[in-house]
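The values are calculated or read from the model by the stated rules, or taken from the named source; none is laboratory data. These figures come from a predicted structure and were not determined experimentally. Reconstructed Cβ throughout: ideal geometry from the backbone, glycine too, with neighbour counts over all protein chains shown. To get the accessible areas, we keep the full protein, side chains included, count just its heavy atoms, and leave off ligands, DNA and RNA. Shrake-Rupley method; radii C 1.70, N 1.55, O 1.52, S 1.80 Å.
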Amino acid sequence: MKEIRTEDAIGHILCHDITQIIKDEKKGVLFKKGHVVKEEDIPLLLSVGKEHLFVWEKKEGVLHENEAAKILYKICAGDSDKVHGTEIREGKIEVISKVDGVLKIRKKALVSVNSLGEMMIASRHGNFPVKKGDKLAGTRIIPLVIEKEKMDAAEKAAGEQPVFDILPYHQKKVGIVTTGSEIKKRLIKDTFTPVLREKLAEYPTEIIGQVMPGDDKEQITKEILSFAEAGADLIVCTGGMSVDPDDRTPGGIRGTGATIVTYGAPVLPGAMLLVAYLDYKGRKISVLGLPGCVMYAKRTIFDLILPRVMADDEIKAEEIAGLGEGGLCLNCPVCTFPNCGFGK
């Protein structure tokens, strides 16, 4: 690439787009990269303030911004069939989802690439649901040209795996264990299950049954194991999740032999969440103990956990602990979740 006077550019190839902005009328590309400058183009180029132009002069070891952008996209997506890239414009490519699922980001790799300078990858938050057609990330090379060795360094910094991946949802059979003697005896109306069914309906689920064991810990255990035997992939226990002596749900879940990932989360609403995995006849079944807030709060810890459960993205205790920063829902008058800071 070399810089020459615009008047001397006739016959040369532009190595970047030329943008024209006319207030309240137009903002767009006047001439695209690769355009061969003609004599009649000179007045237009001068009218947009281009007294000098950068024209392409290929040099060994130096990449045009669009060549480098292709490498950045490869770093982001690899050979994944779950995403696609947009057309390259001015050294920029956007990464677009081709499937519904949970976005996973290799954060250390992302930081490593962005720390190199002269290139950038900006993305939405990981561990959140995305839909087909959603923009996942934007990439670009900062200068018009960049040394090949810098892009080689970016590939090395990112590692062999792509920075982004999408875990698609899986069809799951769900069993609902509704605890509480007041529900079992029909003393009050069960207002929890309708909310639960509504949230589950957003994902590929089949509810195979609902039971009401009351506050009998052994019976809760028995019902969970019964759903496991019936082929449930996800078992959701509602109610009885506080530390009160007569709240027996956590003990009932423990009684199944399930591995407890966490009982408690630094999230409001949702502090009394229980996450467990039950190994049953070669299958790994997710078991959730949901606090009462899920019944009445618009967004809770359940909204952060459920997408990952549906994508078979195993939840770890340290990840739950990390939700403390961003774990406070502000109960905004108009809820914009997930386009807000909750859980991020």
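Summary table below
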read-out	value
Some residue of the range 149-162 being more than 24 Å from Ala311 (Cβ to Cβ) and part of a loop (DSSP other than H, G, I, E, B)	no
Which listed residue, of Ile207, Ile183, Ile224, is over 27 Å from Leu323 (Cα atoms), within 27 Å of the chain's Cα centre (by Cα) and surrounded by 14 or more Cβ atoms within 10 Å (Cβ to Cβ)	Ile207
Thr178 being in a helix (DSSP H, G or I) and open to solvent by less than 20 Å² (accessible area, probe 1.4 Å)	no
Tally, over the range 175-210, of residues that are touching a strand residue (DSSP E or B) at 6+ places or on another chain (Cβ under 8 Å) and on the phi < 0 side of the Ramachandran plot	22
Matching residues, the range 67-112, being in contact with a His (Cβ under 9 Å, 6 or more places away or on another chain), open to solvent by less than 10 Å² (accessible area, probe 1.4 Å) and over 28 Å from Arg308 (Cβ atoms)	Gly91
When residues of the range 250-271 are limited to those that are among the aliphatic types (A, V, I, L, M) and within 16 Å of Gly343 (Cα to Cα), the one nearest to the chain's Cα centre (by Cα)	Val267
Residues that are among the charged types (D, E, K, R), farther than 22 Å from Val334 by Cα and either more than 24 Å from the chain's Cα centre (by Cα) or in a loop (DSSP other than H, G, I, E, B) (or both), drawn from the range 281-317	Lys281, Arg283, Asp312, Asp313, Glu314, Lys316
Residue check for Ala265: modelled with pLDDT of 95 or more and either under 20 Å from Leu103 (Cα atoms) or assigned to a loop (DSSP other than H, G, I, E, B) (or both)	yes
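Matching residues to (1) in contact with a Phe, Trp or Tyr (Cβ under 6 Å, 6 or more places away or on another chain); (2) open to solvent by 30 Å² or more (accessible area, probe 1.4 Å); (3) without any contact (Cβ under 8 Å) to a residue 24 or more places away in the chain:
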residue	(1), (2), (3)
Ile305	no, no, no
Glu318	no, yes, yes
Leu328	no, yes, no
Cys340	no, yes, yes
Gly343	no, no, no
